[in-house]
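Got a structure here, written out as structure tokens. Questions coming.
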């Protein structure tokens, strides 16, 4: 009944995967995303009324990575050993690019934490700039790399 989905049991019921028997290994994940906005000049000049958009988005992303298991129902609460969130405004393309790398030594990966960091950083950018550009959009949120664990390394 589960068709290979690890979060569905043989009766089709949602469940949290038991990772107790898995080895603790160092694991990393990198995710990216973009905010398309006409506010990039105001962001780079520090002219957004709500404050420093890039710094606030970085902090929001880090905080979000640490709270992922509170937000995603079947996500394990794990020790996050490192989070790096990079946020850069590109005025030429009217894009703010976000990249998050998350690291742990645990029994399960940190892909969801990296995705959550990027998504919340992007949401923060939209929130802080919506008065300047109410049409801002978030695109391209994806895991682009992971290392460690039973399935090994992967990159997009």
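Can you tell me which residue among 144, 98, 118, 87 is closer than 26 Å to residue 8 by Cα and modelled with pLDDT of 95 or more?
Within the list 144, 98, 118, 87, the selection yields 144.
Kindly evaluate residue 77 against the criterion of being in contact with a helix residue (DSSP H, G or I) (Cβ under 6 Å, 6 or more places away or on another chain), within 22 Å of residue 105 (Cα to Cα) and either surrounded by fewer than 17 Cβ atoms within 10 Å (Cβ to Cβ) or modelled with pLDDT under 90 (or both).
yes
Is it true that residue 36 is touching a residue at least 24 places away in the same chain (Cβ under 8 Å) and farther than 21 Å from residue 153 by Cα?
Taking the combined requirement at face value, the residue satisfies it.
I'd like the full set of residues that are over 12 Å from the mean Cα position of the chain (by Cα) and assigned to a strand (DSSP E or B), limited to segment 90-102.
Residues satisfying the conditions are 90, 95, 96, 97.
Moving on to the next point. Check 87, 30, 83, 26 and return the single one that is exposed (fewer than 13 other Cβ atoms within 10 Å of the Cβ) and assigned to a strand (DSSP E or B).
Only one candidate passes the filter, namely 26.
Consider residue 52 against the criteria (1) more than 26 Å from residue 25 (Cα to Cα); (2) in contact (Cβ under 8 Å) with a residue 40 or more places away in the chain: it satisfies all of them except one. Which criterion is unmet?
So the condition that residue 52 fails would be (2).
Tell me, please, whether a residue that is closer than 23 Å to residue 117 by Cβ and either touching a helix residue (DSSP H, G or I) at 6+ places or on another chain (Cβ under 6 Å) or modelled with pLDDT of 95 or more (or both) can be found in segment 19-26.
Checked against the condition, which is being closer than 23 Å to residue 117 by Cβ and either touching a helix residue (DSSP H, G or I) at 6+ places or on another chain (Cβ under 6 Å) or modelled with pLDDT of 95 or more (or both), segment 19-26 yields at least one hit.
While we're looking at this one, here's another question. Determine which member of the set 120, 132, 72 is farther than 13 Å from residue 54 by Cα, within 16 Å of the chain's Cα centre (by Cα) and surrounded by 13 or more Cβ atoms within 10 Å (Cβ to Cβ).
72 is the lone residue from the list that is farther than 13 Å from residue 54 by Cα, within 16 Å of the chain's Cα centre (by Cα) and surrounded by 13 or more Cβ atoms within 10 Å (Cβ to Cβ).
The values are calculated or read from the model by the stated rules, or taken from the named source; none is laboratory data. Computed from a prediction, not measured in an experiment: that's the story for all the values here. Here Cβ is always computed from backbone atoms with ideal geometry, including for glycine, and neighbour counts include all displayed protein chains.
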